[in-house]
Structures are given as structure tokens and as C-alpha cells.
Amino acid sequence: MTDIALAVIGGTGLYKLADLQDVETHQPVTHYGALSGPVRVGTLGGHRVAFLARHGEGHSLPPHKINYRANLAALQALGATRVLALNTVGGITERFGPRVLACPDQLIDYTWGRVSTICEEPGTEVLHVDFGEPYTRSLRQAVIDAAASAGVALVADGCYGATQGPRLETRAEIVRMRRDGCDLVGMTGMPEAGLAREMGLDYACLAIVANWAAGAGPDPDEVITLQDVLDNVAAASSGLPRLLSALLGARATR
Ligand code: HPA
């Protein structure tokens, strides 16, 4: 099989890659069970790209029910070594208002009760992987460079706080997260990033800010609606095809 240049995992509001050509569908059965849905493998600018909708193509899986291990294992089995995670998030601090794209460099995990390691089975060697820098530096840099060369505005840092969901947060929870140092809040950043590290995959997050987190925006009483989230994701994603083309183009010349 030809190498997959990039695997993309889509979050809420991002269920396909519009420009993917000659698409084949794979639904591998993995050692970890069923994945969120089919993996669509096709070509984008002459490169093989795999796409998987994290919540399923009909958005039917809540964050805590996603089989993160199966998703990553399937992408790896198809030949992917680099994973770009698209995560829809709320913005907590000033630089991360609705429709901003960001490539966070840190995260804090507030999730609980999720299978968060591949080292569970009897006889498996327990890995204590280094996670001081949770996203792969070279892939983050490639994303940041690609955005710059494609003229797509991107905030090149930030701390992602992963919450349990599926409900949104209380205002007090967001105040605490801001105090902790979080800039962004989402529900699917973990355990995905940690598992990718255990599996030896290069992994970076491209966060798409869909709303101000609870109480964080100019109107502290604002009610967050799914429609606002989807509208903002659609608007913020308009530069995504250019960014991905630049990212893939950069790989060709490496
Ligand atoms: N909180 C958590 N996850 C999210 C949010 C939010 O405000 N917006 C989009 N995903």
C-alpha cells in the first residue's frame, strides 16, 4: 500500500474532507474493537490522505464513548504515521474567540473513566511515555508553517483543557480552567493525544474555536447553541483546504 502522508481526524461539524479525490472506504477491525466509522482514504494534491470522523459520520458517539484506541490503531494499520486532530473547542482566554484556529502546545486532562492507555492487557509492558510536550513538535511546526504559507490566520500556541462532556461546562468550571492555565476547552483531546504518543504516532491538534466557553465572552449570560457551534466551525474551516494543501506540499519537499 502507498504510504499515507497524513491522517486527519475530524471533530464536531467536520465529518468529511470535501476535496478528497478517488476515495476508498476502509473499515478495519482492530485489536481494540470497532472504530467510530469508516476511514475514507483518498488523494489530496497528489498525496494519500486518510480521514476519520471521530464522532461517527452522523455524530452519534459522545466523547466518552469514542473508541480512541481503535481509531488510532486503524489509522496506523492503514499506514499513517502522522495524525492531525481537528478539535472543535470553546475559547477561554482573549486570543481564542469564536472562529479562531489554533495549534495548542499544551494540554490538561480533566476527563475520567476513559480507557487511556494501550498498556492494560496482562503481559503487556507498561509504558511511561514522556508527555511533557504532548503534541509532536515537528508536526506542530509544519502546521504553523503551512498556515503561514497559505495565508491562514492561526494562533500558534495555547493550552487545551479536555473535559468529560457531553454537557458543556459551568461558568465556575471555566473560571477554574482559566486559573489552571487553559486557553481552550474541548471534550476529545484526551485520551487521544496520550494514546498517539504511546503508539508512536506523530500527533498535533488543530483546534477550531466554535464559541466562547461558558461565561468567557463579552456577554457572560450567553447561551451556547449547537447551531452557533456548527456555523462558526463552518466559517472557521474555510481556510482548512488551503492549510492542508500547504501541509502536504511541505511534506513532498522534505
Ligand atoms: N466546551 C467543551 N467543548 C466544546 C465547547 C465548549 O464550550 N465548544 C465546542 N466544544
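Observations on the structure shown:
- Conditions (1) in contact with a His (Cβ under 6 Å, 6 or more places away or on another chain); (2) within 16 Å of the ligand (Cβ to nearest atom): number failed by Leu14: (1)
- Cross-chain or 6+ apart pairs with Cβ under 6 Å, the stretch 202-217 first and under 18 Å from Gly189 (Cα atoms), then modelled with pLDDT of 95 or more and charged (D, E, K, R): Asp202/Arg82; Ala204/Arg140
- Qualifying positions in the stretch 69-94 - within 16 Å of the ligand (Cβ to nearest atom) and over 16 Å from the mean Cα position of the chain (by Cα): Ile92, Thr93, Glu94
- Hits in the stretch 115-139 - residues which are polar (S, T, N, Q) and either free of Cβ contacts under 8 Å to residues at least 60 places away in the same chain or over 17 Å from His31 (Cβ atoms) (or both): Thr124, Thr136, Ser138
- Applying the criterion of at least 1 residues that are at pLDDT 95 or above and either under 21 Å from Ala146 (Cβ atoms) or in contact with a Cys (Cβ under 8 Å, 6 or more places away or on another chain) (or both) to the strands (runs of 3 or more DSSP E) found wholly in the stretch 9-84 leaves 39-44, 47-53.
- Filter pass, Gly123 being on the phi > 0 side of the Ramachandran plot and either surrounded by fewer than 19 Cβ atoms within 10 Å (Cβ to Cβ) or not in a loop (DSSP other than H, G, I, E, B) (or both): yes
- Just one of the listed residues (Leu184, Leu226) is more than 16 Å from Ala7 (Cα to Cα) and loosely packed, with under 14 Cβ neighbours inside 10 Å, namely Leu226.
- Cross-chain or 6+ apart pairs with Cβ under 8 Å, the stretch 168-194 first and farther than 18 Å from Pro220 by Cβ, then within 9 Å of the ligand (Cβ to nearest atom) and part of a helix (DSSP H, G or I): Met187/Pro63; Thr188/Pro63
- Test result for Ala146, away from the ligand (no atom under 16 Å from the Cβ) and either modelled with pLDDT under 95 or part of a loop (DSSP other than H, G, I, E, B) (or both): no
- When residues of the stretch 1-35 are limited to those that are among the acidic types (Asp, Glu) and over 20 Å from Ala85 (Cα atoms), the one surrounded by the most Cβ atoms within 10 Å (Cβ to Cβ): Glu24
- Failed condition for Ser138, given (1) away from the ligand (no atom under 16 Å from the Cβ); (2) of a type in the set (Ser, Thr, Tyr); (3) buried (at least 18 other Cβ atoms within 10 Å of the Cβ): (3)
- Filtered residues of the stretch 132-143 (kept if within 20 Å of Leu86 (Cα to Cα), in a loop (DSSP other than H, G, I, E, B) and not polar (S, T, N, Q)): Glu133, Pro134, Tyr135
- 3 or more residues away from the ligand (no atom under 15 Å from the Cβ): qualifying helices (runs of 4 or more DSSP H) within the stretch 162-254: 192-199, 240-252
- Within the set Thr111, Thr117, the sole residue that is within 16 Å of the ligand (Cβ to nearest atom), closer than 23 Å to Pro62 by Cα, in a loop (DSSP other than H, G, I, E, B) and among the polar types (S, T, N, Q) turns out to be Thr111.
The values are calculated or read from the model by the stated rules, or taken from the named source; none is laboratory data. What you see is a predicted model, and the numbers here were worked out from it, not measured in a lab. Neighbour counts are summed over all protein chains in view; Cβ atoms, including those assigned to glycine, are modelled from backbone coordinates with ideal geometry.
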